Amino acid sequence: MTSITETDPPLQTTRARDKREALYPYLLIAPSMITLVVVALIPFLYAIYLSFHEARFGRVTEFAGFANYASLLADERFWNSVSVAATFVFIAVPIEFMLGLAGALILGQNVKGRSILIPLLFMPAMMAPVVVGLLWKIMLAGSWGFISYNVFERFGMFPDTSIFASPDYALYALIFVDIWQWTPFMMLAFFAGLQALPVAPFRAAAIDGAGPLRIFFRLTLPMMTPLLAVIGLLRFIDAFKVFDTMYILTNGGPGTSTETPSILANKMTFEFWNIGEASALAVIVWIAFFIFCNIFYQVAKKRLNAF
Amino acid sequence: MTMQPKTIDAALSGGVCARNLTKSFEHEVLSQVSLDLRPGEVLALTGPSGAGKTTLARILAGLERPDSGTLAFGGRDALPLTPGQRDVQLMFESYALYPHLSVVENTMSPLVAAHVRSGRKRDKARDATNRATTEAVLELLEIAHLGHRLPAELSGGQKQRVALARALVREGALLILDEPISHLDAKLRHKLRGELRQRISRRASPSLWITPDGVEALSVGDRVAVLSHGRIEQVGTPEEVWQRPANMAVARLLGDPAMNLIPLRRDAAAATPTLGMPGMSLALDDRLSALAARATGDRVVLGIRPDALDLAAHADMAEAHGEIYANEPFGKHAIVTVQLKGGQIVKAKGSMPWAAELGGGIGEGIGRPVRLKIRQEAALLFDHEDERNLGFLK
C-alpha cells in the first residue's frame, strides 16, 4: 500500500454506492408498496373525493360539500343498516369466540384423530364466501333444502318458504351461517395460541396445587389475552364488513331486515347510482372503524399486553 | 451407597423416602435411585449436567411419574398424590414465573393457593399476614423494591430470586431448590448461600438443594448425594464425600479444580511396590501398596487433590517429570497446570509466590520443566476397571 488514493475508490463512486445502498431497502418494498397504493390508497382517496361531490350515474358533477353526509345521516335506512350490522356482529362474534375457545381447549386435550380433524376444520374458512352462501341457500331452501326440509318443515316452521325470506329470522340465519363459517377458524387460531403457551407456569400451578378451573381462569386465560384480543378484533372488523355471503343469501332482504352498510353501499352504487352518497357511507364506516380500532389498540396495549 | 431396605422405613415418618426410582424417556434417565430425606435436613444433590437431577426433583414433586420404584412422604405412599397434595415447594431451574403476575403476586401464589384449597373464604387478616410474609421473603432476597414489576421486566438473576422467594414463602412437606443461586452474581451468591442454608435448615421439613457445583453442595448440605448418569454414586456427610469419594465419578465432581486422576500401572519388575507410567515412577508407602493389592488388574488410578501435589524445579523430587502447560494466578492462590511426560495433564494449587517462583514470574513459565512429588498420605487409589475407590469400605 503506497497511498490512500490507490487503494480507495474515487470519492464520487463511493457516494454513488452509498446512494444505491440507501435506496436498496426501498427497492425491496417497492412492489408491495406500489400494489398497495394502486389498489387501496388511490381508490380510497378517490372515494373521499367522490363523497364531497354530486355523482350520479357515473358522472361526477359539482362540488357538494357535506351534502352527501348530511342526507346520509338523515336517512333512516342508513341507521337501520348500522343496527343490523351491530346485531349481526354482537351476536355472531361472541358466539364464535366462545365456541372457538371451548373447541380449542377440547383440541388441546389430545383428542384422538386430531391430525385428521384439523385440516377439516380449515375447510369452512377456506371456502369462497360465495360458495358458502350458495351452499346454505340450498341447505335452507324451504321444502327442498336438506336442513329446512328435515328440520324446519318437520316442526312446522317456515312452511313452503326459506328462512331467508322471513323478515324476523333471516338475520339470525345469516348469523348462523357466519358462525358455521368462522368458528372453526377461531378454534384453530386459539388452539395454536394454546399450544404456544409456555409449559413452565402450568407446572408451577401444579406445584401450587391449583385446580383446573382456577388454572384456566387465572393462568390460561390471562396468558392468552393478547392473542384473544387480536383475533377477536380482526374477526370483529371482518364480521362488520361481511358482504359476499349476505349478497348471495338475502341481498339485504326481505325489505331492509338484513341490510348492512356494505350491502347498502353496494345498492346505493349499483342500484340507485348515487355514487356520491355511497362514497360518503364508505368514508363514515372507515372513520368509525379507525376510531374504534385505535381505542381498542390503546386499551389492549395497556391493559392486556397485546400488540 | 445407601442401604436399600425392602420396606419403607417407618422411622422416617416426617421425611421422604424414595426407593429404586427408575425413569426412562428415550433412554434411561434415572436408574434405581434410592434416597432418604430426613426431617429437617438439607440434602445437597449434585452431579454433572444431564445426570438426572431435575428429573428426580420432578418425580419427587409429582410432576413426573417414575416407571418403577416407590416414594413415600411421611410413611405414606406419595405416588398417587398430586403435587398439591404432596405439599411440595419446588423452585424451578427455569424459574416458571407466572408471566402476567407481579413479583409480589408470584411470590404470594403458594399462600393464596393453599388458602383457596382450604376452602375458607378470603379474610382481611389472612391477606395481611400473607402480604407481610411475602414482604419479608422479598426483603431477605433483596428484591422488595421490585414488587410491582412483571417477570418480563426483570433480569435473569432477579427472576431467579423471585422463583426462590416463591419456594420459600410457605413451608410444606418438602422443599426442592433446583439450582437456586446459580445465576446470581458471585457476591450475592456467597451472601445468599449462607442465609438460605440457615433459613431452610431451621425448618422441620426436609430440603433438597440441587446444584451442579460440587463445592456448593459440600457447603450447603447436611448430607451430600452424588448423582451421575442416573445413579446415586454416594450419599454421605460432606466430610465423608470429600475425603472418601466412593469412586472416580464422585472424585471428579468435587473440588475446584477437581482431583487429579492419573492412570498408573503396577511395575512388576521393581523390588518394592511401585506404580508407574512413562516419565513417572512412584514407590508406594505401606498404605497405598495395600490398596494397590486390592485392584482387579495391574492398573490403578491415583487420585490426588491439586493442593496435595508438590511441584518444584529441584532435582530431588523426581517422582515425575513434566513441563508447565499453564500458570494461572487467581489473586490469593494460583493454579499451575503441568503436562507430564506421558501426556497426562495434572493441576497443582498453591500460593502466588510459589507459582511465581516455579514459572519465573506471575503467570509465566510455560514450557518450563518441573518435577512433581505426590504426598502419598493424601492420595487415593481407584480401580482402573470399575473406578471404585480401593480404600472405600462399604
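The values are calculated or read from the model by the stated rules, or taken from the named source; none is laboratory data. Everything quoted here is computed from the prediction, not taken from an experiment. Neighbour counts are summed over all protein chains in view; Cβ atoms, including those assigned to glycine, are modelled from backbone coordinates with ideal geometry.
Going through (1) within 22 Å of B:H115 (Cα to Cα); (2) not in a loop (DSSP other than H, G, I, E, B) one by one, B:L71 falls short only on (1). Put simply, of A:F158, A:F176, A:F190, A:F152 the only residue that is over 24 Å from A:L234 (Cβ atoms), assigned to a helix (DSSP H, G or I), more than 14 Å from every other protein chain (Cβ to nearest Cβ) and of a type in the set (F, W, Y) is A:F152. Only a single criterion out of (1) hydrophobic (A, V, I, L, M, F, W, C); (2) under 21 Å from B:D36 (Cα atoms); (3) more than 9 Å from every other protein chain (Cβ to nearest Cβ) is not satisfied by B:A128, namely (2).
Filtering the stretch B:341-394 to residues that are part of a loop (DSSP other than H, G, I, E, B) and without any contact (Cβ under 8 Å) to a residue 24 or more places away in the chain leaves B:G343, B:S351, B:G360, B:G361, B:L393. Scanning the stretch B:162-203 for residues being under 17 Å from the mean Cα position of the chain (by Cα), among the hydrophobic types (A, V, I, L, M, F, W, C), away from chain A (no Cβ under 14 Å) and under 24 Å from B:L71 (Cα atoms) gives a total of 0.
Here is a yes/no grid of residues against (1) in a loop (DSSP other than H, G, I, E, B); (2) more than 30 Å from B:V215 (Cβ to Cβ); (3) not acidic (D, E):
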{"site": "B:A258", "(1), (2), (3)": "yes, no, yes"}
{"site": "B:A271", "(1), (2), (3)": "yes, yes, yes"}
{"site": "B:L275", "(1), (2), (3)": "no, no, yes"}
{"site": "B:H321", "(1), (2), (3)": "no, yes, yes"}
{"site": "B:V336", "(1), (2), (3)": "no, no, yes"}
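Within the stretch B:288-311, identify whether any single residue is touching a Leu at 6+ places or on another chain (Cβ under 9 Å) and more than 25 Å from B:W242 (Cα to Cα), and answer yes or no. For the stretch B:288-311, residues touching a Leu at 6+ places or on another chain (Cβ under 9 Å) and more than 25 Å from B:W242 (Cα to Cα): absent.
Exactly one residue out of B:S219, B:S205 is assigned to a helix (DSSP H, G or I) and in the same structural domain as B:G172 (by TED's automatic domain parsing): that is B:S219. Out of (1) facing chain B (nearest Cβ under 10 Å); (2) surrounded by 20 or more Cβ atoms within 10 Å (Cβ to Cβ), the odd one out for A:L221 is which? Failing condition for A:L221: (2). Pairs linking a residue in the stretch A:200-214 that is more than 7 Å from chain B (Cβ to nearest Cβ) to a residue that is surrounded by 18 or more Cβ atoms within 10 Å (Cβ to Cβ), with Cβ atoms under 7 Å and 6 or more positions apart or on different chains, are A:F202/A:L219; A:A205/A:L219.
In the stretch B:132-146 there is no residue matching the filter, namely being within 14 Å of chain A (Cβ to nearest Cβ) and either among the aliphatic types (A, V, I, L, M) or surrounded by fewer than 20 Cβ atoms within 10 Å (Cβ to Cβ) (or both).
Taking the options A:Q181, A:Q195, name whichever one is of a type in the set (S, T, N, Q), out of contact with any His (no Cβ under 8 Å at 6 or more places or on another chain) and within 18 Å of A:L105 (Cα to Cα). Among A:Q181, A:Q195, only A:Q195 is of a type in the set (S, T, N, Q), out of contact with any His (no Cβ under 8 Å at 6 or more places or on another chain) and within 18 Å of A:L105 (Cα to Cα).
Taking the criterion of being polar (S, T, N, Q) and touching a Phe, Trp or Tyr at 6+ places or on another chain (Cβ under 8 Å), the only residue of the stretch B:133-160 that qualifies is B:Q160.
Under the condition of being within 25 Å of A:E54 (Cα to Cα) and under 19 Å from the mean Cα position of the chain (by Cα), the residues counted in the stretch A:216-273 number 8. A:Y149 meets all of the listed conditions (1) free of Cβ contacts under 8 Å to residues at least 24 places away in the same chain; (2) over 30 Å from A:P198 (Cβ atoms); (3) surrounded by fewer than 15 Cβ atoms within 10 Å (Cβ to Cβ) but one, namely (3).
Scanning the stretch A:228-245 for any residue that is in contact with an Asp or Glu (Cβ under 9 Å, 6 or more places away or on another chain) and among the aliphatic types (A, V, I, L, M) turns up at least one such residue. Counting only helices (runs of 4 or more DSSP H) that fall entirely inside the stretch A:23-133 and contain at least 1 residues that are among the hydrophobic types (A, V, I, L, M, F, W, C) and over 30 Å from A:L227 (Cβ atoms), the qualifying elements are A:42-51, A:67-73, A:76-107. Quick one: would you say A:S115 is at pLDDT 90 or above, in the same structural domain as A:I179 (by TED's automatic domain parsing) and not basic (K, R)? Judged against the criteria, A:S115 is not a match.
Residues of the stretch B:71-119 that are more than 10 Å from chain A (Cβ to nearest Cβ), among the aliphatic types (A, V, I, L, M) and under 28 Å from the mean Cα position of the chain (by Cα): B:L71, B:A72, B:A78, B:L79.
Does B:L60 satisfy the criteria of being of a type in the set (A, V, I, L, M, F, W, C), part of a helix (DSSP H, G or I) and assigned by TED's automatic domain parsing to the domain that holds B:Q234? Yes; evaluated as a whole, the condition is true for this residue.
Considering only the stretch A:117-145, state which residues are among the aliphatic types (A, V, I, L, M) and over 14 Å from A:A173 (Cα atoms). Listed by number, the residues that qualify are A:L117, A:I118, A:L120, A:L121, A:M123, A:A125, A:M126, A:M127, A:A128, A:V130, A:V131. Report whether or not B:A173 is in the same structural domain as B:K53 (by TED's automatic domain parsing) and in contact (Cβ under 8 Å) with a residue 40 or more places away in the chain. Yes; evaluated as a whole, the condition is true for this residue.
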